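The values are calculated or read from the model by the stated rules, or taken from the named source; none is laboratory data. Treat the numbers as computed from the prediction; the structure is a model and nothing was measured. Cβ coordinates were reconstructed from backbone atoms using ideal geometry, including for glycine residues, and neighbour counts include every protein chain displayed. Note: areas computed on protein heavy atoms with side chains; ligands, DNA, RNA excluded. Shrake-Rupley method; radii C 1.70, N 1.55, O 1.52, S 1.80 Å.
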Amino acid sequence: MSAEEKLAKTLIDAGGKALFFTGAGASTESGVPDFRGPQGLWKRIPPEVFDIDLFYRDPEYSWRIYAEYVYSQISRASPNRAHIVIAELESLGLVEAVITQNIDKLHQKAGSKKVIELHGTYDKVQCLRCGFHGDIKDFIEDFIREKRVPRCPKCGRILKPAVVYFGEPLPSEELSSAFSLAKSSKLIIVVGSSLSVYPAALIPEIALDHGAKLFIINESPTHLDKDAELVVREKAGTFLEKVSNAVEEMMKSSKQKDESLW
Ligand SMILES: [Zn+2]
C-alpha cells in the first residue's frame, strides 16, 4: 500500500474523528512567509514584529511593521492545494476540525468550516483592556494614512492585532477545545509544523497519548516522527492531492460493493 493509500484508508476508518494540525509549512506554498523557518522571507523583516514588549513600548512602530510585513503580505495570499484538499475532506465528513498555528485565514478561504486558530488571526484587532474585537480593515487604513495608532472605540485604549505575540498566552477557549478534540480523536495529521512551539505542539502529543494514530507531512524532522504511522517529506499540497484521489477511489469502490450486495 502506498503512503497516500495508507493515509486515505486510515482517514476513512476514523469515521470523522480525524484532525488536521497545521503550521507555517502548510502556507508557504501560498507565499505566506514562515517566520520561524530557515528559508522564510521573514528573515527580511524586523524580528520584533510579534514582540509584545515592543508593542507596549512603541505601538506606532509595532503597528507600522505589522501593516507593512504581516498584513500586506498575508491579505494577498490565496489557499493552496493543501488547504483545498483539507476543506474537501471535511465536506466529505472525514475531518472533525482543523487546528492551526497559522494566522492567515487560508483554511477558511479554502472552505474549511471548523477551524481552531491557536495563534489568533491577522485580520482582527482586540482591546486588551475591555475585550473589544473588530475587523482590522476598519482601523488599518486610517493608520496607514494618518499614522495614528488604532484605539478602542469602547474604552479608548490602544488596539492590538488579534495575533498571539511572543510572550503572550494562547487564547484559552481555543486551546481547551483543541485539547478536548485531541483527546477524542482517532487520527491526527500534522501538516507543515516542526512541532517546536508550545503549548500548540502539545496537541498531537495529547492525541497520541489517547490512542490516536499520527501522520506527519513535514519537510524537516520532528520529535514525534518516531511515534508516527507514517512520515512524509513531500510538499503538503502534492501529497494531499494524492490522498484526496485515493480517498475518492476507495469511497467509490466501497459504494460499488454496497450496491452489488443489494
Ligand atoms: Zn477597549
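List of remarks:
- The set of residues in the stretch 155-182 that are hydroxyl-bearing (Ser, Thr, Tyr) and assigned to a helix (DSSP H, G or I) comprises Ser172, Ser176, Ser177, Ser180.
- Spans of helices (runs of 4 or more DSSP H) in the stretch 71-125 with at least 1 residues under 22 Å from Ile12 (Cα atoms): 81-91, 106-110
- Residues of the stretch 160-196 classified as in contact with a Lys or Arg (Cβ under 7 Å, 6 or more places away or on another chain) and among the basic types (Lys, Arg), total: 1
- The residues in the stretch 237-262 that are loosely packed, with under 14 Cβ neighbours inside 10 Å and hydrophobic (A, V, I, L, M, F, W, C) can be counted, and the count is 2.
- For the stretch 104-131, a residue qualifies if it is away from the ligand (no atom under 16 Å from the Cβ) and open to solvent by 20 Å² or more (accessible area, probe 1.4 Å), and the qualifying residues are Lys105, Gln108, Lys109, Ala110, Gly111, Lys113, Lys114, Val115, Glu117, His119, Asp123.
- Subset of the stretch 50-71 [open to solvent by 20 Å² or more (accessible area, probe 1.4 Å) and over 17 Å from Arg151 (Cβ atoms)]: Asp51, Asp53, Arg57, Glu68, Tyr69, Tyr71
- Condition met for Phe139 (surrounded by 15 or more Cβ atoms within 10 Å (Cβ to Cβ), within 16 Å of the ligand (Cβ to nearest atom) and over 19 Å from Ser193 (Cα atoms)): yes
Results for (1) crowded, with 22+ Cβ neighbours inside 10 Å; (2) of a type in the set (D, E, K, R), shown as yes or no for each residue.
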| residue | (1), (2) |
| --- | --- |
| Phe179 | no, no |
| Lys183 | no, yes |
| Ser193 | yes, no |
| Ser196 | no, no |
| His223 | no, no |
| Lys235 | no, yes |
